[in-house]
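Step one of this worksheet: look at the structure below.
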Amino acid sequence: MPKVSQKQIKGEEHLVGRFWDDINVVSSAERMTYFEHLLTPTEVMMLAKRAAIFKDLINKRSYVEISGEYGVGVNTISRLSNTLHQADPDFIVILTKLGAKEEKKSWF
């Protein structure tokens, strides 16, 4: 993902808050359209891989399996695993819920 400028801007917290507020007021389909135009295809793929790796780590998949499936290095998986270990408990609940939803899909 591209690096964000290190230059501080006034009202940075307000800007980020407004971003999340904007996302929360549109429908699911509108969010998809918004992000398809906001992000490059590479950025979308990077976020999708990161999200999938988090769910796979929650589901106790091995680094070797994850690396083979997504074409990422063990260092990347380890960094995400460290992030997961330091994550807010609410994030773990969300990932567990998303992982369970995905597991149900594979049963049918």
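Numbers below:
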item: Test: residue in the stretch 8-19 that is surrounded by 13 or more Cβ atoms within 10 Å (Cβ to Cβ), modelled with pLDDT of 95 or more and either in contact with a helix residue (DSSP H, G or I) (Cβ under 6 Å, 6 or more places away or on another chain) or in a helix (DSSP H, G or I) (or both); result: no
item: Breaking point among (1) modelled with pLDDT of 95 or more; (2) under 15 Å from the mean Cα position of the chain (by Cα); (3) polar (S, T, N, Q), for Asn75; result: (2)
item: Number of positions in the stretch 99-108 that are open to solvent by less than 90 Å² (accessible area, probe 1.4 Å) and either modelled with pLDDT of 85 or more or farther than 18 Å from Ala52 by Cβ (or both); result: 0
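The values are calculated or read from the model by the stated rules, or taken from the named source; none is laboratory data. Everything numeric in this text was worked out from a predicted model, so none of it was measured. Glycine gets a Cβ as well: all are built from the backbone with ideal geometry, and neighbour counts include every protein chain shown. With ligands, DNA and RNA removed, areas are computed over all heavy atoms of the protein, side chains included. Shrake-Rupley method; radii C 1.70, N 1.55, O 1.52, S 1.80 Å.
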